[in-house]
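Beneath this line is the structure, given in structure tokens, with notes to follow.
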């Protein structure tokens, strides 16, 4: 699993936690459609933001700040970012 996959998984997980409240507030029911994002990137000759923004100064720090803002805005309490990194996993999603 690369950092792009981990970032997408983290963002999908956080969105999944935020969507029920948005549905209740707006009265709109989301229709989930599973897709392989990597396949879409490949079919459109595109690349993930993790690849296209690689090497940009302060990008990881800004992404972490935006993640924390999203978590606070949506009152998410079931998420904890770990600080340990390995070659294959740089983010654990932990239900508390």
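The values are calculated or read from the model by the stated rules, or taken from the named source; none is laboratory data. Values in this document were obtained by computation on a predicted structure and should not be read as measured data. For neighbour counting, all protein chains shown are included, and Cβ atoms are generated from backbone atoms with ideal geometry for every residue, glycine included.
Pick from the stretch 41-59 the residues that are more than 13 Å from the chain's Cα centre (by Cα) and not in a loop (DSSP other than H, G, I, E, B): which of them is surrounded by the most Cβ atoms within 10 Å (Cβ to Cβ)? Of everything passing the filter in the stretch 41-59, 41 is surrounded by the most Cβ atoms within 10 Å (Cβ to Cβ).
Here residue 37 meets each of (1) surrounded by fewer than 10 Cβ atoms within 10 Å (Cβ to Cβ); (2) under 16 Å from residue 11 (Cα atoms) with one exception, condition (1).
Only one of the numbered conditions (1) modelled with pLDDT under 85; (2) surrounded by 11 or more Cβ atoms within 10 Å (Cβ to Cβ) is violated by residue 62, and that is (1). Evaluating residue 84 against the criteria (1) on the phi < 0 side of the Ramachandran plot; (2) modelled with pLDDT of 75 or more leaves one unmet condition, (2). Mind checking which residues of the stretch 14-35 are under 23 Å from residue 67 (Cβ atoms) and outside any helix (DSSP H, G or I)? Answer for the stretch 14-35, where residues must be under 23 Å from residue 67 (Cβ atoms) and outside any helix (DSSP H, G or I): 30, 32, 34, 35.
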